[in-house]
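Enquirer: Here it is, the structure, as structure tokens.
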Amino acid sequence: MDQAQNLRNIIKMQNQKMVQNARVISVTSGKGGVGKSNTSVNIALQFQRQGKRVIIFDADFGLANIEVMFGIIPKYNLGDLMFKGKELKEIITPGPEGVGFISGGSGIAKLVNLDKEQIKRLVGKLSELDELADVIIIDTGAGISSSVMEFLVASPETILVTTPEPASITDSYALLKALSMNEDYSPEKCKVKLIANRVGKKEEGQNLYEKLSAVSSRFLNIELEYLGAIPFDNNITKAVMTQEPVSLKYPGSVSSKCYEDIVNILENKEISSHNNIGVRNFFKSVFLKK
């Protein structure tokens, strides 16, 4: 064996020992019904099409939106991992085009009753996601409950989905205010990015962003980033009715192309190693209190 080949083997062995931290992105909204879970599944599909391994963690308490969007009933959920001895790979349900998802199920509601040692074991099992995925999408609940805030303050990237409706804008601001008042929130570590959903035209989305960004920057010390807008599209409604994401059922639609553009923006934004905390650190921050 020559010296060059020996060096290549050493490098290969070192690389095999290194586990690349997964990119964790939380998707949230100030109120229900604005397209949060729809956004989660469509950006997951677009990431997957760019060669990423993607898993969605459904953290929306008891609503099971992701499995409804995919039209797939999971065999196991987080509760089976916690209480029935199932391994992480067993509770990941295969979705379309290779996207996997984990249903919170009854396990989410029971998290509050776990002791510290049980939480540590849970975090240890969930940390295996770093080896199984490049991108983890956390589909949070809507609103400003403490459980939602715990996911957001732990997430290096949060996508806030809002619509031009006054109630949606008001609730989005309320969510940002609650986030800014959380003692664990850090503007440097938790970046918030906005998607304007169901807009009539692109300018409407840009105007929505500028208004919400101005008040959040001035009064809350939160600097929003703009990812783009998703137009009101009948194809989305038709896709939802058949329990398929629009990116899957109508890949050539305007909305599907907009989701693709948003993921291109996310891919082109440099993620520093400081922010790419990985799954273990994310769930430690969520579940293990100081």
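Values quoted throughout were computed directly from the atomic coordinates according to the rules given, and no laboratory measurement underlies them. Only a predicted model underlies this, so the values are computations on that prediction, with no experimental measurement involved. Cβ sites come from the backbone with ideal geometry, for glycine too, and all protein chains shown count toward neighbours.
Enquirer: Projecting each Cα onto the charge dipole of region 130-234 (Lys/Arg +1, Asp/Glu -1 at the beta carbon, about the Cα centre), which of Ser180, Val148, Asn207 comes out farthest on the positive side?
Expert: It is Asn207.
Enquirer: Could you work out which residue, out of Asn234, Asn21, Asn77, moves most in a Gaussian network model of the chain, that is, has the largest mean-square fluctuation with Cα springs under 10 Å?
Expert: Sorting by GNM fluctuation, first place goes to Asn234.
Enquirer: Checking the table Lys31/Lys189; Lys116/Lys191; Lys52/Lys257; Lys36/Lys249; Lys31/Lys89; Lys191/Lys249 against a 21 Å threshold on Cα-Cα, which pairs fail?
Expert: Working: Lys31/Lys189 24 Å; Lys116/Lys191 29 Å; Lys52/Lys257 18 Å; Lys36/Lys249 18 Å; Lys31/Lys89 32 Å; Lys191/Lys249 31 Å.
Exceeds cut-off: Lys31/Lys189; Lys116/Lys191; Lys31/Lys89; Lys191/Lys249.
Enquirer: Turning to a different aspect of this structure: Return Arg218, Arg121, Arg198 ranked ascending by Cβ neighbour count within 10 Å, so the fewest neighbours appear first.
Expert: On the way: Arg218 9, Arg121 13, Arg198 21.
Ordered by Cβ neighbours within 10 Å, fewest first: Arg218, Arg121, Arg198.
Enquirer: Rounded to the nearest 500, what is the 222 nm mean residue ellipticity of the chain from helices alone, with -39500 (n - 2.57) per DSSP H run of 4+ residues and division by all residues? Please list the in-between numbers first.
Expert: Numbers: 15 runs with 147 residues, N = 290.
When only DSSP H runs of four or more count, the value is -15000 deg cm²/dmol.
Enquirer: With only alpha-carbon pairs counted, each pair once and no self-pairs, how large is the Kirkwood hydrodynamic radius of the chain in angstroms? Kindly include the intermediate steps, with their values, before the conclusion.
Expert: Numbers: mean 1/r = 0.0511 Å⁻¹.
Taking the inverse mean of 1/r over all distinct Cα pairs, the chain comes out at 19.6 Å.
Enquirer: Please give the charge dipole size of region 64-157, origin at the Cα centre, charges +1 on K and R Cβ atoms and -1 on D and E Cβ atoms. Round to the nearest 20 debye. Could the numbers behind the result be given before it?
Expert: Working: 9 positive and 14 negative charges, 91 e Å.
About 440 debye.
Enquirer: If you place +1 on the Cβ of every Lys and Arg, -1 on the Cβ of every Asp and Glu, and leave all else neutral, what size is the dipole of region 20-285 about its Cα centre, to the nearest 20 Debye?
Expert: On the way: 30 positive and 32 negative charges, 41 e Å.
My answer is approximately 200 debye.
Enquirer: For region 209-253, compute Rg over Rh where Rg is the Cα radius of gyration and Rh is the Kirkwood radius from the inverse mean 1/r over Cα pairs. Write out the running numbers ahead of the final one.
Expert: On the way: Rg = 16.0 Å, Rh = 12.8 Å.
Taking Rh as the inverse mean 1/r over Cα pairs, Rg/Rh reads 1.25.
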